[in-house]
1. Could you count how many residues in segment 38-72 are among the aliphatic types (A, V, I, L, M), over 19 Å from Leu12 (Cβ atoms) and within 13 Å of the chain's Cα centre (by Cα)?
2. Of the residues in segment 16-39, how many are surrounded by fewer than 15 Cβ atoms within 10 Å (Cβ to Cβ), out of contact with any Asp or Glu (no Cβ under 9 Å at 6 or more places or on another chain) and in a helix (DSSP H, G or I)?
3. Pick from segment 97-125 the residues that are touching a His at 6+ places or on another chain (Cβ under 8 Å) and in a helix (DSSP H, G or I): which of them is nearest to Gln23 (Cα to Cα)?
4. Can you confirm whether Ile84 is closer than 27 Å to Gln123 by Cα and modelled with pLDDT of 95 or more?
5. Pairs only if they're at least six apart or on different chains, beta carbon under 6 angstrom, first in segment 6-20 and under 11 Å from Thr92 (Cα atoms), second among the polar types (S, T, N, Q); list them, first residue then second.
6. Can you find even one residue in segment 39-53 that is β-branched (Val, Ile, Thr) and in contact (Cβ under 8 Å) with a residue 40 or more places away in the chain?
7. Exactly one condition in (1) loosely packed, with under 14 Cβ neighbours inside 10 Å; (2) assigned to a helix (DSSP H, G or I); (3) at pLDDT below 95 is false for Asn94; which is it?
8. List the pairs whose first member sits in segment 54-71 and is without any contact (Cβ under 8 Å) to a residue 40 or more places away in the chain, whose second member is outside any helix (DSSP H, G or I) and small (Gly, Ala, Ser), and whose Cβ atoms are under 9 Å apart, counting only residues at least 6 apart or on separate chains?
Amino acid sequence: MKDIETREDIKLLVDTFYVKVEQNKELGALFNEVAKVDWESHLPKMYDFWETLLFHKMVYKGNPMRIHKMVHQMQSLKKTDFDIWLNLFDKTVNELFSGERAELAKTRALSVATSIQLNTVYQKK
């Protein structure tokens with residue numbers, strides 16, 4: 001397997017991952033019924049997000065913390081939601097890629113999930 005090397009690789013990763021998210025009972029409901037994600041606009045943002053994180057190209061414009069806090073207000077996010085998300089992400093990376101940047105993607109995913117959890121699940125009310 002090759003490493004994550006291009007934006008096309010990121011698209012493959014993101015598209016494959018979010019199919020799994022949608023098919024997952026817990027996350028699918030959270031994304032589709034609670035957050036009501038518009039996948040047509042969400043996926044390109046995720047391509048930009050991961051391109052920024054993995055290739056240091058400043059193409060992502062957004063505030064993921066604000067968005068996740070809004071979702072958390074609609075339905076409390078739980079640690080298990082993040083565990084499932086991370087598990088699906090890691091599995092997807094491992095199925096598609098191998099190498100330094102693939103490992104970086106998994107590390108960055110853990111950092112993102114941890115940061116969002118600290119600001120939602122573990123935030124004092």
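The values are calculated or read from the model by the stated rules, or taken from the named source; none is laboratory data. Source: prediction; values computed, not measured. Here Cβ is always computed from backbone atoms with ideal geometry, including for glycine, and neighbour counts include all displayed protein chains.
1. Step one: of segment 38-72, the residues among the aliphatic types (A, V, I, L, M) are 43, 46, 53-54, 58-59, 65, 67, 70-71.
Cutting the leftovers down to over 19 Å from Leu12 (Cβ atoms) gives us 58, 65, 67, 70-71.
Among the residues that remain, those that are also within 13 Å of the chain's Cα centre (by Cα) are: 65, 67.
The qualifying residues number 2.
2. 7
3. Filtering segment 97-125 for residues that are touching a His at 6+ places or on another chain (Cβ under 8 Å) and in a helix (DSSP H, G or I), the one nearest to Gln23 (Cα to Cα) comes out as Ile116.
4. Numbers: closer than 27 Å to Gln123 by Cα: yes; modelled with pLDDT of 95 or more: yes.
The answer is yes for Ile84.
5. The qualifying pairs are Thr16/Thr92; Phe17/Thr92.
6. Just the residues of segment 39-53 that are β-branched (Val, Ile, Thr), to begin with: 52.
Now narrow it down to the ones that are in contact (Cβ under 8 Å) with a residue 40 or more places away in the chain: none.
No - not one qualifying residue is present in segment 39-53.
7. Of the numbered conditions (1) loosely packed, with under 14 Cβ neighbours inside 10 Å; (2) assigned to a helix (DSSP H, G or I); (3) at pLDDT below 95, the odd one out for Asn94 is (3).
8. Ile67/Ala35; Met70/Ala35
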